[in-house]
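Q: Have a look at this one before I ask anything.
Taken together, the values in this text are just the output of simple stated rules run on the coordinates, not laboratory data. Predicted model only: the values in this text are computed from it and were never measured. Glycine gets a Cβ as well: all are built from the backbone with ideal geometry, and neighbour counts include every protein chain shown.
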C-alpha cells in the first residue's frame, strides 16, 4: 500500500442510506479500466486524490444521481 503522506486530499464517502450506492469515475484519467464501486449501507470508501487535478464521479442510488467534481 502506498504511503498516504505523499497525497494532499483524502475523500471519504460513506453510504448512510439503507440501499446500495454505486460510485463511478466519469473520466478515465489515463487508467485502463472504468470501474464502478458498490457501497453497502454503512460502508466507507476512501479516495486518494492529488491536489491540482479535477476529478469527476457519479454517485447513484436507484433513480437519483449526484455528480461530484
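Q: For a quick check: sort 48, 23, 37 by the number of other beta carbons within 10 angstrom, fewest at the front.
A: Taking fewest neighbouring Cβ atoms as first place, the list is 48, 37, 23.
Q: Still on this model: 7 Å from Cα along Cα→Cβ at both residue 20 and residue 49: what's the point-to-point distance in nm?
A: Computed distance between label sites residue 20 and residue 49 equals 2.6 nm.
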